[in-house]
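I have placed the structure first, in the form of structure tokens, so that the comments after it can refer back to it.
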Amino acid sequence: MGWLFYWRIIVLITFVTLYLTNVISSEIFLSFIIGITVFYGIPELFKFLKKDICNRKQQARRENK
């Protein structure tokens, strides 16, 4: 899991550097950012919300007992 996290940071830094040095166009950079948001950010958000909702339900059950 740790290597995967570092790999993502390296790719992100690489794309930002390529964009800032005008090696890639803004369309490519924006499509990269949108791709990360759609295929990684949104599913992670749903996982977090699902986990949070389950935790709140469990906590409510404990308080009601």
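The residue list Ser26, Ile42, Phe15 was ranked by how far each Cα lies along the charge dipole of the chain toward its positive end, using unit charges on Cβ atoms, and Ile42 comes out on top.
With R₀ fixed at 35 Å, the C-beta to C-beta distance from Leu20 to Phe48 puts the FRET efficiency at about 0.70. Derived value for the chain: Kirkwood hydrodynamic radius 14.6 Å. Basis is the mean of 1/r over every pair of different alpha-carbon atoms.
The helix-only estimate of mean residue ellipticity at 222 nm for the chain, built from DSSP H runs of length n ≥ 4 each weighted as -39500 (n - 2.57), is -27500 deg cm²/dmol after division by the residue total.
Taken together, the values in this text are just the output of simple stated rules run on the coordinates, not laboratory data. The model shown is predicted, which means the values in this text are computed figures rather than measured ones. So basically every Cβ, Gly included, is an ideal-geometry build from the backbone, and we count neighbours across all protein chains shown.
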